Each structure stands twice: as structure tokens, then as C-alpha cells.
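S.K.: One structure follows; several queries about it will come next.
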There are 2 protein chains.
Amino acid sequence: MKYSKATNYALHTMLFLAAATPNKPVGVQQMAEQQEVSPTYLSKILTKLVKAGMIESASGANGGYRLKRNWETISFLDIIHAIEGTASLFDCSLDHGTECMIMQVVLSAEEKMEEHLRNQTMSELVKKMKIVL
Amino acid sequence: MKYSKATNYALHTMLFLAAATPNKPVGVQQMAEQQEVSPTYLSKILTKLVKAGMIESASGANGGYRLKRNWETISFLDIIHAIEGTASLFDCSLDHGTECMIMQVVLSAEEKMEEHLRNQTMSELVKKMKIVL
DNA sequence: GCGACGATACTCGGATAAAATATGTCCGAGTTCTGGCGG
DNA sequence: CCGCCAGAACTCGGACATATTTTATCCGAGTATCGTCGC
């Protein structure tokens with residue numbers, strides 16, 4: 001079990017956009033180069049983020065992707081869910097009469113992790129980075 | 001990102017063995033039937049648990065799998081690690097000079113989850129079940 | 001009665017196959033900016 | 001000087017191709033148990 005590379009790219013892209021924050025959109029090519037992915041593939045990932053309402057795309061010359069106004073409130077979990085989907089880690093495949101206790105344990109563990117990811121926003125991370133620089 | 005079905009089977013099998021606890025080994029066939037998996041596949045999964053030192057196998061007639069003596073201390077995390085491996089959820093694919101802050105956040109979230117799974121033992125779960133029954 | 005022997009019921013582990021998912025590529029279509037050209 | 005127009009620079013999104021992982025099956029080999037047969 002691992003997070004997909006797509007999630008990796010999505011997180012890095014969001015961080016990049018949040019750190020750069022010019023109001024001008026940033027082209028896919030530039031970001032793809034930086035992360036060593038093909039532009040078309042990255043674009044596909046970013047489309048998911050657009051649909052999730054985190055960023056917006058601008059067509060045409062000087063087009064690209066740009067954070068939406070509400071970006072300060074976006075958490076890690078939001079991004080991860082946008083890419084990986086919101087399905088839970090575990091599905092008990094067996095139907096024993098009562099609720100599956102194994103599933104309860106695993107899901108509550110998952111909830112612990114999600115809680116942590118929900119409390120981390122991109123904007124906080126950017127602040128920390130700027131202190132370091 | 002999801003836990004594999006193999007993990008699912010492994011957890012259920014361990015719980016079953018812990019709940020049954022006859023000193024006689026239990027055959028794969030019986031457990032495979034219960035979980036609706038093919039015996040050979042389940043056997044392959046159980047081999048991993050054997051290698052991890054959680055259960056032991058007995059060949060021959062009346063053979064099967066049996067918990068080892070230390071089973072009371074086995075946690076959910078031990079079982080999951082035995083099946084899924086111990087690699088972490090996230091690997092930053094990009095080499096920015098400093099440590100990747102994204103990775104730090106995700107890994108500390110993962111740690112929260114693992115902590116929870118480490119504190120849940122099969123034997124505790126069995127106790128709870130017995131109260132319910 | 002006792003020990004050897006063979007049939008039986010298992011597990012073991014490697015080879016292989018099928019299926020699902022993740023990753024990546026290609027291309028046609030639509031959109032916006034830019035620069036040049038004509039009025 | 002001003003507006004129109006064509007081309008360049010983009011993104012969009014679907015169809016397609018490849019790689020990786022997961023899930024599953026098959027089968028030959030090894031091993032312990034049990035019953036039987038011969039002594």
C-alpha cells in the first residue's frame with residue numbers, strides 16, 4: 001500500500017503554486033520540467049484538482065494553472081482525496097453477521113491519520129518554508 | 001490507495017485462529033472455505049505470516065496452521081507489515097536540496113495511524129468479541 | 001502383539017496466468033494572446 | 001492611429017499504450033499420520 005506518484009505530483013504542484021503565488025497562471029510545462037514528468041500527464045492530474053475546485057486553469061497563450069481564492073484553507077487531506085478518491089483503506093470482504101471488528105479498528109486508525117492531514121494546510125507549510133529560506 | 005485483500009485475509013485468519021485456539025492445527029481448506037478464497041492462495045498469504053514468526057505450519061495429515069506461543073503480543077501493525085511490507089506510504093520523488101517538508105507531514109500522519117494499529121492486539125479483540133457473544 | 005510399509009491428507013514453494021490499477025503518450029479541438037497588416 | 005485577422009502558444013479531454021502490482025491457479029515435491037499386513 002502506497003500513495004500513488006500522482007499524489008506526489010499533486011502535492012508538490014500545490015506547494016509550488018502556493019509558494020510562487022503570482023496572479024499570473026503558471027504553465028504546465030514549467031512545472032512538469034521541474035518535477036521531471038511529462039506535461040500531458042501532469043496536466044491530467046491537475047485536471048482533477050480543477051474539478052475539486054482548488055485551482056483553476058486559463059486557456060490560451062500565457063495560460064496555465066492558478067490557485068483559487070480559497071486556497072489558504074486547503075489541507076493535505078483535501079488534495080489527497082482529490083487524487084486518490086475518498087474510499088476508505090479497508091473493506092471487510094467477509095460478511096460475518098455483526099459489524100466487522102477488524103474493520104472498526106483499521107478505520108479508526110485511518111481516521112487518526114486523516115485528522116492529522118486535515119490539520120495541515122498548504123499555506124502553513126509555505127510560511128514555515130519562508131522562515132527557512 | 002487501499003490495503004490489499006491479502007491483508008484482509010491475513011487479519012481475519014489471525015482473528016479466527018486466536019478465537020478458536022485449539023492446540024491442534026487448523027487446515028487451510030477450512031479457513032479458505034470460510035473466507036471464500038482458494039486454499040492455495042490463502043496458503044501463500046499464510047506463508048508470509050509464518051516467515052514473520054506469528055504462526056507455524058504443520059505438514060502431513062491433520063496438519064495446518066497454529067498460532068505461536070507469543071501470539072498474545074501480536075498487534076495489527078505486525079500483521080499488516082508482514083503482508084504489505086514495511087515501506088512507508090510516501091516517497092518524495094523529487095530531490096529538492098533540503099528535506100522534503102511534504103514528506104515530513106505525510107510521514108508523521110502515517111506514524112499516527114501506525115501508533116494506533118500498534119496498540120491493538122489480536123488478543124484484546126478476542127476478549128471483546130467474547131463479551132459480545 | 002509389534003514393527004514396517006504404503007495410502008492418504010496435508011503443506012510448501014516455484015512457475016505461470018489473468019486481472020486490475022497506475023503510469024504515461026498522442027492527438028484533435030478549443031481558447032486566448034500577440035503581432036502585423038490594411039484602412 | 002486603430003481595428004481586424006492570422007498564427008503562435010497554450011490548455012482540455014478522450015483514446016490509446018505500457019508497466020507494475022495484485023490476485024489467483026496449477027502442480028510436483030516433501031512430510032506426518034493412520035491403517036494394514038506380515039512376522
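S.K.: With respect to A:Tyr3, determine if the residue is aromatic (Phe, Trp, Tyr), within 14 Å of another protein chain (Cβ to nearest Cβ), within 16 Å of the chain's Cα centre (by Cα) and not in a helix (DSSP H, G or I).
M.R.: In short, yes.
S.K.: Scanning for something of a type outside the set (Gly, Ala, Ser), more than 14 Å from DNA strand C (Cβ to nearest atom) and in contact (Cβ under 8 Å) with a residue 24 or more places away in the chain, does segment B:65-72 turn up at least one residue?
M.R.: The answer is yes, given that some residue of segment B:65-72 is of a type outside the set (Gly, Ala, Ser), more than 14 Å from DNA strand C (Cβ to nearest atom) and in contact (Cβ under 8 Å) with a residue 24 or more places away in the chain.
Residues checked against (1) over 20 Å from A:Thr121 (Cβ atoms); (2) surrounded by fewer than 15 Cβ atoms within 10 Å (Cβ to Cβ); (3) within 9 Å of DNA strand D (Cβ to nearest atom); (4) of a type in the set (Phe, Trp, Tyr):
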residue	(1), (2), (3), (4)
A:Lys44	yes, yes, yes, no
A:Ile55	no, no, yes, no
A:Gly60	yes, yes, yes, no
A:Ile80	no, no, no, no
A:Leu89	yes, no, no, no
A:Ser93	yes, yes, yes, no
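S.K.: Hey, another quick one. Given the condition touching a residue at least 24 places away in the same chain (Cβ under 8 Å), closer than 18 Å to B:His12 by Cβ, in contact with a Ser or Thr (Cβ under 7 Å, 6 or more places away or on another chain) and more than 9 Å from chain A (Cβ to nearest Cβ), answer yes or no: does some residue in segment B:120-133 qualify?
M.R.: Yes, there is a match, as at least one residue in segment B:120-133 is touching a residue at least 24 places away in the same chain (Cβ under 8 Å), closer than 18 Å to B:His12 by Cβ, in contact with a Ser or Thr (Cβ under 7 Å, 6 or more places away or on another chain) and more than 9 Å from chain A (Cβ to nearest Cβ).
S.K.: Which residues, counting only those in segment A:1-26, are surrounded by fewer than 15 Cβ atoms within 10 Å (Cβ to Cβ), more than 15 Å from DNA strand D (Cβ to nearest atom) and closer than 21 Å to A:Lys128 by Cα?
M.R.: Residues satisfying the conditions are A:Ala19, A:Thr21.
S.K.: Right, something else. Taking helices (runs of 4 or more DSSP H) that fall entirely within segment A:18-113, which contain at least 2 residues that are of a type in the set (S, T, N, Q) and over 16 Å from the mean Cα position of the chain (by Cα)?
M.R.: In segment A:18-113, A:28-35 are the helices (runs of 4 or more DSSP H) which contain 2 or more residues that are of a type in the set (S, T, N, Q) and over 16 Å from the mean Cα position of the chain (by Cα).
S.K.: Here's a follow-up. Taking the condition of being more than 6 Å from DNA strand C (Cβ to nearest atom) and over 17 Å from B:Ala18 (Cβ atoms), how many residues in segment B:49-62 meet it? Reasoning before the result, please.
M.R.: Taking segment B:49-62 as the starting set, the residues that turn out to be more than 6 Å from DNA strand C (Cβ to nearest atom) are B:49, B:51-56, B:58, B:62.
Pick out the ones that are also over 17 Å from B:Ala18 (Cβ atoms) and you get B:51, B:58, B:62.
Within segment B:49-62, residues that are more than 6 Å from DNA strand C (Cβ to nearest atom) and over 17 Å from B:Ala18 (Cβ atoms) number 3.
S.K.: In this structure, is B:Leu46 closer than 23 Å to B:Ser88 by Cα and in contact with a helix residue (DSSP H, G or I) (Cβ under 8 Å, 6 or more places away or on another chain)?
M.R.: yes
S.K.: Pull out all pairs, ordered by first then second residue, where Cβ-Cβ is under 7 Å, the residues are six or more apart or on different chains, the first lies in segment B:32-46 and is free of Cβ contacts under 8 Å to residues at least 12 places away in the same chain, and the second is within 9 Å of DNA strand D (Cβ to nearest atom) and of a type in the set (Asp, Glu).
M.R.: So the pair list comes out empty.
Coordinate-derived values only; no laboratory data. Remember, predicted model here, so these are calculated numbers, not experimental data. Counting neighbours? That spans all protein chains shown, and the Cβs are built from the backbone with ideal geometry, glycine included.
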